[in-house]
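I have placed the structure first, in the form of structure tokens, so that the comments after it can refer back to it.
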Amino acid sequence: MIKRPKLSRTGQTRKTNASGLTRGEKFRVKTSRGRKISSVRWLQRQLNDPYVEAAHRDGYRARSAYKIIELDEKFSFLKKAKNIVDLGAAPGGWTQVVLKKCGKRVRVVGIDLLEIAPLDGATFLQMDFTSDEAEEELFELLEGPVDLVMSDMAAATTGHQQTDHIRTLALVEVAFDFAKKTLGEGGAFVTKVFRGGADQQLLIELRKCFKSVRHFKPPASRQHSAETYLVALGFKKEDV
Ligand code: SAM
């Protein structure tokens with residue numbers, strides 16, 4: 001069974017919980033000459049983040065593993081999936097969760113700009129998903145229709161919220177296009193998006209192709225982050 005931080009209904013860690021996690025900051029990092037304020041904040045956040053601690057304890061490569069766990073707890077898209085594509089898979093947290101939850105019945109093909117250390121049951125490509133060659137390479141690796149396309153891809157952030165939103169939206173559109181080409185009847189598409197006004201057209205398109213389309217921000221997604229997820233279930237192949 002996958003263990004994860006115990007959260008209260010509001011998504012806050014309890015004062016002291018079964019995982020031994022305590023509420024509030026446990027570590028303070030002092031700024032020092034030569035250390036940027038942003039890196040100090042990052043370090044402090046990491047040290048006080050119960051999901052980072054849990055990922056370390058549970059052997060996940062990234063705290064983001066808990067996002068797919070929480071998304072699946074709500075929407076149960078993993079229970080029937082066999083052929084799975086993981087877009088933006090590095091360092092491999094989502095793939096680890098899928099392999100742990102579904103065991104040998106699944107086959108995962110993942111892709112990322114970054115190299116990913118091997119995992120039994122998964123095949124990884126190191127390349128730009130938006131390149132022409134990526135689609136060809138992925139098609140070659142896929143065996144039959146895909147049951148789940150999941151994308152946690154995020155463009156490198158510029159700090160300018162609107163720019164980041166547009167760049168990530170462009171990745172979502174390419175991922176959606178890929179999902180339409182590869183998903184079998186009833187398949188699922190799960191993708192990271194940023195909250196913002198520009199995705200109305202995408203929602204309209206998604207609703208044409210899937211029986212249900214829902215936004216959900218899992219508790220593991222940091223509250224101050226504009227990131228949220230779209231979960232589209234019940235792909236209608238004949239309508240594409
Ligand atoms: N879900 C992953 C996990 O649990 O380990 C974390 C994914 S991380 C938040 C986002 C990833 O998207 C980064 O590793 C980044 O390299 C990847 N990415 C961004 N743009 C990409 C592109 N054009 N092609 C492939 N991967 C991309």
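The values are calculated or read from the model by the stated rules, or taken from the named source; none is laboratory data. Everything quoted here is computed from the prediction, not taken from an experiment. Quick reminder, even Gly has a Cβ in these numbers, built from the backbone with ideal geometry, and neighbours come from all protein chains shown. Protein only, heavy atoms only, side chains kept; ligands, DNA and RNA dropped before computing areas. Shrake-Rupley method; radii C 1.70, N 1.55, O 1.52, S 1.80 Å.
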What span do the alpha-carbon atoms of segment 127-240 cover on each of the three principal axes, reported in whole Å from largest to smallest? 39, 31, 26
For segment 106-158 (alpha-carbon point model, no solvent) the Debye-based log₁₀ I(q)/I(0) at q = 0.17, 0.24 Å⁻¹ works out to -0.57, -1.11
Using protein chains only and a probe of 1.4 angstrom, how many square angstrom of Tyr60 are accessible, to the nearest 10? 20
Please calculate how many Å² of accessible area segment 90-175 carries per residue, with a 1.4 Å probe and no DNA, RNA or ligand atoms counted. 52
With charges only on Cβ, +1 for K and R and -1 for D and E, what is the dipole size of segment 65-239 about its Cα centre, in debye, rounded to 20? 1080
Need the C-alpha centroid separation for segment 46-92 versus segment 190-226, integer Å. 18
What value does segment 178-227 have for Rg/Rh, both radii from Cα atoms and Rh as Kirkwood defines it? 1.00
Qualifying GluC sites (Glu not before Pro) in segment 127-176, DSSP loop, other Cβ atoms within 10 Å at most 13: Glu143
Bin width 5 Å, alpha-carbon pairs only: give the P(r) of segment 97-185 as whole percents, running from 0 to the bin holding the largest distance. 3, 12, 21, 24, 20, 12, 6, 2, 0
